[in-house]
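Since the structure comes first, as structure tokens, the remarks are kept for the end.
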Amino acid sequence: MPLFNTANAIDYWMIALYFAVVVWVGVYSARKSRNTADYFRGGGKIPWALAGLSNWVAGFSAFMFVAAAGFTYKYGLVSLIVFTSAAWAYILGYFTFAKMWRRARINSPLEFLTRRFSPSTTYFYSVTAIVPQIVAIGQGLYIVCLFVSSVLGFAQHPVAFAGVSLSGFQVAVILVGTIMVFYTAIGGLWAAVLSDTVQCIILAVTSLIVFILSYRYLGHGSGIIGGFHNLFRQVPPDYFRLHGPTARPLYFLAVAASGVVGYNLNWAMVQRYHSVADERGAQKMALLCAGLSLAGPLLWILPVMAARVIFPDMHALWPNLKSPEEASFVSLALLLLPHGMLGFVVSAILSAALGQANDIFNWLSATVTHDLYVPWYRWRKGRAPTDRGQMRIAHGSMVVMGALGVAVAFYIPHFGGAFNFSLIFYSLVITPSIPVGLGMVFRRTPWWSAIAAYLAGAIAVFTVLAFHIWEGEQFQNYSRNILVATGVATAVFFLSAIWYRADDPRSAGAVKLEADLKIPVIVDNEAALVGGSLRVYGLVGAVSALLGAALFVCAFLPAGGHTSPRINAIAGVILIALGAALWRYSRRTA
């Protein structure tokens, strides 16, 4: 049985420090959000590098460390293909979608639907988006709270409160959900971008250290090379071959389709494209995300492959978990990291999940406010609501959605674990995005084409579900749902072109959009952004250096287990050096 570290006072102090910093970043960001444009899209002044880092880290969040870790533990090599596939989707975005989204000139993501199709389409999408996104919030809460409660050792501890008995995991869901709503409501998109950037730096440093330590441990004294040698020698024979249900061509086709949609057409990504100054910044952002998506997953996938040998029986280690292999990265952290850094990893992953939820909250509250509340208020009062009134609606909608997300997180364990739930969920909610992408690149369809394609794809998917058509194991069902939704929605969308008339008054929006997509969005005087935006690199650098100094201090405290406190010193020095470099860059540009 491996000797695990359990969280102690040092780790809890690191968690407290980290979240004090995150809250301070939120308060700082609130000063930059003077109106709804600042609050929902950063006023279009967020530097492209920060927007890219934020988008990338929010895109995987705790999913990589829990659900994706479980997939890697079970299936091996195929995870490298699946979890680096986002890179090719982002490259497609660099050449096409990045500049097109920026040229669409919209204030809220779903405003594109009004311009391209009709106000009815925007309203239809707004109403039907609410429930799936609340489920997505609940999924994110479940994943991160499973990780945190397992690392801190209270996942299964019963807690009685007001006559109600809850598990430690459920208490974590409630607490994290409350923090999530508060943190999101404070600073808007600026808060998400700045905190995500800090998390990206910290997760990269800590994951690199876990990667090195895991292969040194597996090498049994013969170093990292010896660790790789032992890995190839001791894993199951088919671990480095495509095998089982994940080796089918239809599965990879479904993954590719899901990647193109998920990394180019989801509304949070659209919002990031509109948070930067111009289309060149949007393209740079997409290219940065592509590079990170190709190299970054290796830092999490390769250690979990080592865990396949280090922990051959995950069920014996985590008998109470529905899918114990999802705790493989958690187990590595408990085995290899000293006190201080252990708390740091928990904080960064928890905060990354908050950033992912912030993305959803931000665009969804923007939709509720701009696309539902404002039209309703104008219809009822004959005038637009005040900016202050819109902010109240945005904050109130966040509270309601957060509470419902907590309720969803309580029920996800009944679906067989985070990865199984993700497969089911994403295969069912891909349909709405398909007409959006098609409508961006092909603009000769009538105003109702998106609604028709959306409904046709959704009906087709739920029909094959209801009648158990082409049903099999989870990966086959995932592939079926993705390909049926994509095929039917695409066919109906292009079929609707028969009824397109350019002289129809309801086609005027699409005609105007087509003209706008030919006009570049370029900032002539980028120096105007430097003082207000590029100085935030100094803030990120100062926060990184502060957290690095705290880790360095932990090097002089007991490490716990068989780990060395020098690991804290190494991580601390790296963070301090990165922080100093960012601070110097911000001063030089300013």
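The values are calculated or read from the model by the stated rules, or taken from the named source; none is laboratory data. Everything numeric in this text was worked out from a predicted model, so none of it was measured. Cβ placement follows ideal geometry from the backbone for every residue including glycine, while neighbour counts extend to all protein chains displayed.
Worth a mention:
- As a summary of the residue check, Phe124 satisfies the conditions (1) at pLDDT 80 or above; (2) surrounded by 21 or more Cβ atoms within 10 Å (Cβ to Cβ); (3) not acidic (Asp, Glu) except for the one numbered (2).
- The range 78-106 - residue that is assigned to a helix (DSSP H, G or I) and of a type in the set (Ser, Thr, Tyr) and, of those, farthest from Tyr239 (Cα to Cα): Thr96
- Odd one out for His339 among (1) assigned to a loop (DSSP other than H, G, I, E, B); (2) within 17 Å of Lys74 (Cα to Cα): (2)
- Residue within the range 89-109 that is in contact with a helix residue (DSSP H, G or I) (Cβ under 6 Å, 6 or more places away or on another chain), closer than 30 Å to Ala407 by Cβ and buried (at least 23 other Cβ atoms within 10 Å of the Cβ) present: yes
- Failed item, numbered, when Asn264 is tested on (1) in a helix (DSSP H, G or I); (2) more than 19 Å from Met64 (Cβ to Cβ); (3) within 14 Å of the chain's Cα centre (by Cα): (1)
- Failed item, numbered, when Ala254 is tested on (1) in contact with a helix residue (DSSP H, G or I) (Cβ under 7 Å, 6 or more places away or on another chain); (2) among the small types (Gly, Ala, Ser); (3) over 17 Å from Tyr75 (Cβ atoms): (3)
- For Pro109, the criteria (1) within 30 Å of Ala497 (Cα to Cα); (2) modelled with pLDDT under 85; (3) assigned to a helix (DSSP H, G or I) hold in every case but one, which is (3).
To keep it simple, each residue is scored yes or no on (1) more than 19 Å from the chain's Cα centre (by Cα); (2) at pLDDT 80 or above.
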{"position": "Ile349", "(1), (2)": "no, no"}
{"position": "Leu354", "(1), (2)": "no, no"}
{"position": "Ala357", "(1), (2)": "no, no"}
{"position": "Ala366", "(1), (2)": "no, no"}
{"position": "Tyr373", "(1), (2)": "yes, yes"}
{"position": "Trp376", "(1), (2)": "yes, yes"}
{"position": "Ala384", "(1), (2)": "yes, yes"}
{"position": "Arg388", "(1), (2)": "yes, no"}
{"position": "Gly396", "(1), (2)": "yes, yes"}
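- Within the range 60-73, tally of residues that are more than 16 Å from Ala333 (Cα to Cα), modelled with pLDDT of 75 or more and not hydrophobic (A, V, I, L, M, F, W, C): 1
- Which listed residue, of Leu495, Leu517, is at pLDDT below 95, farther than 20 Å from Ala256 by Cα, hydrophobic (A, V, I, L, M, F, W, C) and surrounded by 14 or more Cβ atoms within 10 Å (Cβ to Cβ): Leu517
- Residue count for the range 292-330, restricted to those that are more than 25 Å from Arg241 (Cα to Cα), within 26 Å of the chain's Cα centre (by Cα) and in a helix (DSSP H, G or I): 1
- Residues that are of a type in the set (A, V, I, L, M, F, W, C) and either closer than 14 Å to Thr490 by Cα or within 26 Å of the chain's Cα centre (by Cα) (or both), drawn from the range 449-473: Ala450, Ile451, Ala452, Ala453, Leu455, Ala456, Ala458, Ile459, Ala460, Val461
- Inter-residue pairs, beta-carbon under 9 Å, first more than 14 Å from Thr122 (Cβ to Cβ) and part of a loop (DSSP other than H, G, I, E, B) and in the range 360-384, second aromatic (Phe, Trp, Tyr) and modelled with pLDDT of 80 or more, 6+ apart: Arg383/Tyr377; Ala384/Tyr377
- In this structure, Tyr500 qualifies as surrounded by 14 or more Cβ atoms within 10 Å (Cβ to Cβ) and at pLDDT 90 or above.
- Contact map, the range 434-462: first residue under 19 Å from Ala256 (Cα atoms) and in contact (Cβ under 8 Å) with a residue 12 or more places away in the chain, second residue of a type in the set (S, T, N, Q) and surrounded by fewer than 24 Cβ atoms within 10 Å (Cβ to Cβ), Cβ cut-off under 8 Å, separation 6 or more or different chains; pairs are Ile434/Thr486; Ile434/Thr490; Leu438/Thr490; Val441/Thr96; Gly457/Thr486; Val461/Ser427.
- Pick from the range 405-425, criterion at pLDDT 80 or above and either under 19 Å from the mean Cα position of the chain (by Cα) or among the basic types (Lys, Arg) (or both), ranking: farthest from Gln170 (Cα to Cα): Phe425
To keep it simple, each residue is scored yes or no on (1) exposed (fewer than 15 other Cβ atoms within 10 Å of the Cβ); (2) modelled with pLDDT of 90 or more; (3) outside any loop (DSSP other than H, G, I, E, B).
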| site | (1), (2), (3) |
| --- | --- |
| Gly226 | no, yes, yes |
| Phe240 | no, yes, no |
| Ser258 | no, no, yes |
| Ala268 | no, no, yes |
| Gln271 | no, no, yes |
| Met285 | no, yes, yes |
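- Residue tally, condition part of a loop (DSSP other than H, G, I, E, B) and either at pLDDT 85 or above or touching a strand residue (DSSP E or B) at 6+ places or on another chain (Cβ under 7 Å) (or both), over the range 524-564: 2
- Picking from residues in the range 453-480 that are of a type in the set (Gly, Ala, Ser) and outside any loop (DSSP other than H, G, I, E, B), the one that is farthest from Gly439 (Cα to Cα) is Ala466.
- Residue match in the range 322-339 (condition: within 30 Å of Pro558 (Cβ to Cβ), of a type in the set (S, T, N, Q) and at pLDDT below 75): no
- Exactly one residue out of Val57, Val22 is more than 30 Å from Leu231 (Cα to Cα), at pLDDT below 80 and among the β-branched types (Val, Ile, Thr), and it is Val22.
- Enumeration of residues in the range 361-410 that are among the acidic types (Asp, Glu) and either in contact with a strand residue (DSSP E or B) (Cβ under 6 Å, 6 or more places away or on another chain) or under 23 Å from Ile137 (Cβ atoms) (or both): Asp371
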